[in-house]
Every structure is written in structure tokens, then in C-alpha cells.
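Colleague: Here it is, the structure, as C-alpha cells.
Read-outs: derived from the displayed coordinates by stated rules, not from any lab. As the structure is a prediction and not an experimental result, all values here were calculated from the model. Methodologically, a virtual Cβ is constructed for each residue, glycine included, from the backbone with ideal geometry; neighbour enumeration extends over all protein chains shown.
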Amino acid sequence: MRLDIVTIFPEYLEPLNVSLVGKARARGRLDVRVHDLRQWTHDRHNTVDDTPYGGGPGMVMKPEPWGEALDAVIASGDPGGDGDGPVIVVPTPSGSPFTQETAVELAAEPWLVFTPARYEGIDRRVVEEYGERFRVRELSIGDYVLAGGEAPVLVMVEAVARLLPGVLGNAESHRDDSFAPGAMADLLEGPVYTKPPVWRGRDIPEVLLSGHHGRIARWRRDQAFRRTARYRPDLLERCDPAALDAEDRKLLAELGWAERPDGRFGPTAQDVEE
Ligand code: ADE
């Protein structure tokens, strides 16, 4: 997979040389190219921003450097070999949510171009222009505003890279991830333990030493339900009741959850604090 990142802070992307993504690059699984947007400016001050039309605070990134940068990057290759060009990923708090599902979709692409912006964002005409010829995804990593799109790029690249074949040491290790598509899709992952068996007087749950795979799987599922009910009740309310077995239902009842008239599960009335 090829990734191009155009930014005014190339050094911000240094972490892409480290750990999982760094190793994937070294092994040739990822071809990451970081470009300095200012190389596509032509004035003495390498200006990339200007005041907003219509007034208001802050500065807006000028369209010309972005246009030249994207033209140059796009003209420099076709790793998919299909002439489709890259998917252009525009990090913005005004985008659609970047989720595990988005990461899975992006991981299937041969080429992504990221355009992290500073200031109040990029002149709108850039998205319009490239949106006519390419697939543009405007994506937000959460409901908070960062000073720029570089940290979101690091987040998205890591989420995508770990899904690529041969990048994670153990191909199974994202199977049970919270948010991974599959049987546990709507549940958060429960707690994990390693050696020693006793640490500061604290034992690990017996069942994990039992060697009984069925019981261990059941315990893990229960823990996932407990954690999800506590931290992300919204996920549990969305889950399909058809995916729940008798044990799940029993546990949910214990946690004060019941099936509502609309067929979804939710906390029962007596549990809702006045
Ligand atoms: N740029 C600033 N805040 C952001 C966010 N939450 N997601 C994506 N890009 C951003």
C-alpha cells in the first residue's frame, strides 16, 4: 500500500518510522511518502494561508499550493495499476466519523493521499475540484477539535496499517478487537492478563487457568458485556437481539438490562436514576 501525506509539518509524521508502521515500511509492506506543502509555494515567505472571505477569526489554507501538490503527487504514480488514482483522505472535525469500518475500507485500497490541514481548514474548492475526479473522504477522528490534521493522520494510518496482511505479528490478533466486524462486533474487549499468576496479592481469574476453551470463551464474552454495559451502553443498545444467546440474556438481566418493545435491549426502568 502506498501512502502520501502532504503537510506543512513533515517532522510531525516522524512517528511513522517507529514500531508497527515503521517495521511495515522497512519490510516493504507500506510505501509512505511525506511531502512538505511549502515546496509548492512560489513567494518569498512560502505562504500557505490567507484571511477568510466573509470575515471571521483564523486563517484558511490557500487552494493553489494544495492544487499543485495534489497534481504532482497524483501524477507520480499509480500503485493500483487501475488508473483510479488514490483515495484522498481529508482529516477534518467536520467530516464523517472515522471508525473501524472506515479503517477496513481504507485498508483495501492500494493508495491513500492524506491532506492534513492547519488553521481553519483548506479552501473548499480543493475538495470540490478533486472530488469530481477522485474519491475524497472527509473524516473526523472524534468530536473534539485539534490544532491540525497531522495527529488524525497518525491515528488513521496506524488503524489502517495494522489491518494489512503481514503487518501484525499474529494475524489472529485483530480478530477479537473491540469494533472488529464479527460475532463480538458491538462489544468492547474485556480485560487481559499475563504472568505472574499472583501479583501484589492479586490472582488472575481461575477460569483462565482451567484450559477449558468453552468456559474461557464464555467468561470473555461475559466480561465484554459487562464492560460494554458500563462504558458504552450505546453500543449494547444497538446490538441485534438475534445475536444474543440464552447466557447473554441472563447476564444482561443481571446487569439490569431487558428487551424493550422495539426489540432492542436497554437498561430497565428501575435502574435509571431519578
Ligand atoms: N482536525 C482537527 N480536529 C480534527 C478531528 N477531530 N478529526 C480530524 N481532523 C481534525
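Colleague: Once you put a point 7 Å from the Cα of residue 262 and another 7 Å from the Cα of residue 78, both along the Cβ direction, what distance in nm separates them?
Modeller: About 4.9 nm separates the two model spin labels.
Colleague: Follow-up. Please figure out what share of the DSSP beta bridges in region 4-158 is antiparallel and state it in percent, rounded to the nearest 5.
Modeller: Values: 2 of 19 bridges.
Antiparallel: roughly 10 percent of the beta bridges in region 4-158.
Colleague: Restricting things to alpha carbons, find the Rg to Rh ratio for region 229-268 using the Kirkwood radius for Rh.
Modeller: On the way: Rg = 9.1 Å, Rh = 10.0 Å.
Result for region 229-268 is an Rg/Rh of 0.91.
Colleague: With point charges of +1 on the Cβ of Lys and Arg and -1 on the Cβ of Asp and Glu, referenced to the Cα centre of the chain, which listed residue (127, 107, 188) lies farthest in the positive direction of the dipole?
Modeller: 188
Colleague: Using Cα positions and a limit of under 14 Å, work out the aspartates and glutamates in reach of residue 250, with same-chain residues fewer than 8 apart set aside.
Modeller: Counting by Cα, and skipping residues close in sequence, residue 250 has these aspartates and glutamates nearby: 222, 259.
Colleague: Further question on the same structure: Suppose we take every Cα in the chain and form the convex hull; what volume per residue is that in Å³? Could you put the intermediate results ahead of the total?
Modeller: Details: hull volume 61.4 nm³, N = 274.
Dividing the Cα hull volume of the chain by its residue count gives 224 Å³.
Colleague: Given H placed 1.01 Å from N in the peptide plane, which residues other than close sequence neighbours of residue 35 have an amide H under 5 Å from its amide H?
Modeller: 5, 6, 7
Colleague: Let me ask something else about it. Using a Förster distance of 22 Å, how high is the FRET efficiency between residue 105 and residue 29, based on the Cβ-Cβ distance and rounded to 0.05?
Modeller: Details: r = 18 Å, r/R0 = 0.84.
Between residue 105 and residue 29 the formula returns 0.75.
Colleague: How do 71, 123 line up, fewest other C-beta atoms within 10 Å first? Walk me through the intermediate numbers first.
Modeller: Working: 71 12, 123 20.
With the sparsest Cβ surroundings first, the list reads 71, 123.
Colleague: Near residue 62, which lysines are there with a Cα under 17 Å away, not counting those fewer than 8 places off in the same chain?
Modeller: Hits, sequence-local ones excluded: zero.
Colleague: Follow-up question, since we're still on this one. Based on the Cβ-Cβ distance of residue 96 and residue 240, what FRET efficiency does E = 1/(1 + (r/R0)^6) give at R0 = 30 Å, to the nearest 0.05?
Modeller: Values: r = 23 Å, r/R0 = 0.76.
E between residue 96 and residue 240, to the nearest 0.05, is 0.85.
Colleague: Starting from the eigenvalues of the Cα gyration tensor, five times each then square-rooted, give me the equivalent ellipsoid semi-axes of region 30-86, largest first, whole Å. Don't skip to the end; give the middle numbers.
Modeller: Numbers: eigenvalues 163, 37, 19 Å².
Result for region 30-86: semi-axes of 29, 14, 10 Å.
Colleague: Further question on the same structure: How large, in Å, is region 88-173 by the Kirkwood hydrodynamic radius built from its alpha-carbon pairs? All intermediate terms of the calculation are to be shown ahead of the outcome.
Modeller: On the way: mean 1/r = 0.0733 Å⁻¹.
Roughly 13.6 Å, rounded to one decimal.
Colleague: In percent, how large is the relative contact order of the chain, given Cα pairs closer than 8 Å and 6 or more residues apart?
Modeller: Working: 373 pairs, mean separation 43.0, N = 274.
Value for the chain: 16 percent.
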